[in-house]
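Everything on this sheet refers to the single structure shown next.
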Amino acid sequence: MELDLLSLSSVRSFAEVWMQRALSLDVLINNAGIYKSGEPQTFSKDGIELQMQVNHIAPTLLTMLLLPSLLRAPSPRVINVNSVAHLEATIELESWNSKVEQGKFSGFLTYGSSKLAQLMFLKTLANKVAQQRENAGFKCIAVHPGGVGTNIDPMAYIAASIGLMFTPAEGSRSVIFCAASEDVTESLNNGFAYYSYDCKPDKISPLAYDTDACCEVWQKTMEILGVDHDYVSHLLDNN
């Protein structure tokens, strides 16, 4: 099955093929990401800034479309690979799909913002499910895997090869822990938890506790996706 996060139509096609199987889905790991530090602001064919699309918008669309399948499972988990870069980030909603004034765009800051938006949306999703269906067993976990040498950054790959960063196999440990361990249940708050590379709970941005800010992220995301803001509530009512 082909899936290209730079194309929302590809995400929809992937989800449609999966949903035709009418299977339950126990774990969804949103692992893909891009980092465009030092590059000019660039938009996908969907009109969304590239990092925001791949790191937040597209995996969120995938999660929403696969949510019926996840809710069929007895104890489903959504794992989003996040980053400590979200801690210093802010949310600039207008820059998600609008041109920023020349000289004011920062790829590094936008990367952090995309990870913060991803985390805030995931936390809100967990809260919505927990409030409407207390015993759903639905878990949403964001995890920072540490500095990992992947092709997201060629220099990081070199650093990993000489032992200065985690290899991809080492970096996957915390993600696998969050996907499989029962210990994460103890750290859940309204169905949500955030873990670090050492497989231990960690702090998140204060913005993620701002209900109004999280609501704005939710609404902006759903608006871009063309999904009704009350989609999750309606889905839970009908399942």
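If you bin all the Cα-Cα distances of the chain at 10 Å, starting from zero, the percentages per bin are 8, 32, 39, 19, 3, 0.
Could you work out the percent of alpha carbon pairs in the range 188-233 separated by over 18 Å, rounded to a whole number? The proportion of pairs with Cα distances above 18 Å equals 47 percent.
When the Gaussian network model of the chain links Cα atoms closer than 10 Å, the mean-square fluctuations of Cys178, Cys140, Cys214 top out at Cys214. Scaled to the compact-protein estimate 2.2 N^0.38 Å, what is the alpha-carbon radius of gyration of the range 1-94, rounded to two decimal places? Here the answer is 1.18, to two decimals. When the Gaussian network model of the chain links Cα atoms closer than 10 Å, the mean-square fluctuations of Asn55, Asn189, Asn127 top out at Asn189. Given +1 at the Cβ of Lys and Arg, -1 at the Cβ of Asp and Glu and no other charges, the dipole of the range 26-237 around its Cα centre is 320 debye to the nearest 20. Legend: residue pairs Lys128/Lys220; Lys36/Lys139; Lys36/Lys220; Lys45/Lys128; Lys36/Lys128, Cα-Cα distance threshold 25 Å; pairs beyond threshold, Lys36/Lys139; Lys45/Lys128; Lys36/Lys128. Dipole magnitude for the range 29-144: about 460 debye, using +1 per Lys or Arg Cβ and -1 per Asp or Glu Cβ, origin at the Cα centre.
Taking Cβ atoms as reference points and 9 Å as the exclusive limit, the residues near Leu236 contribute a net charge of +1, counting Lys and Arg as +1 and Asp and Glu as -1. Among Thr60, Thr221, Thr211, which one shows the biggest mean-square fluctuation in a GNM of the chain, springs joining Cα atoms closer than 10 Å? Among Thr60, Thr221, Thr211, the largest GNM mean-square fluctuation belongs to Thr211.
Counting Lys +1, Arg +1, Asp -1, Glu -1, what net charge surrounds Trp96 among other residues with beta carbon under 9 Å of its beta carbon?
Values: positive: Lys220; negative: Glu49, Glu92, Glu94.
With Lys, Arg at +1 and Asp, Glu at -1, the net is -2.
Look at the dipole of the chain built from charges on Cβ: of Thr221, Phe43, Met1, the Cα furthest out on the positive end belongs to Met1. Ellipticity at 222 nm from helices only: DSSP H runs of n ≥ 4 in the chain, each -39500 (n - 2.57), divided by the residue count, give -12500 deg cm²/dmol. Dipole magnitude for the range 181-227: computed about the Cα centre from +1 point charges on Lys and Arg Cβ and -1 point charges on Asp and Glu Cβ, it is near 100 debye. Of Pro201, Thr90, Val100, which is farthest towards the positive pole of the range 26-237's charge dipole, taken about the Cα centre with +1 and -1 on the beta-carbons of Lys, Arg and Asp, Glu respectively? Working it through, the farthest residue towards the positive pole turns out to be Pro201. Only aspartates and glutamates eight or more places from Lys203 in sequence, or on another chain, were considered; those with a Cα closer than 14 Å are Glu88. If you take all other residues with their beta carbon under 11 Å from the beta carbon of Pro145, and give Lys and Arg +1 and Asp and Glu -1, the sum is -1.
Values quoted throughout were computed directly from the atomic coordinates according to the rules given, and no laboratory measurement underlies them. Fair warning: this is a prediction, and the values are worked out from it, not measured in the lab. Virtual Cβ from ideal backbone geometry, glycine too; neighbours counted across all protein chains shown.
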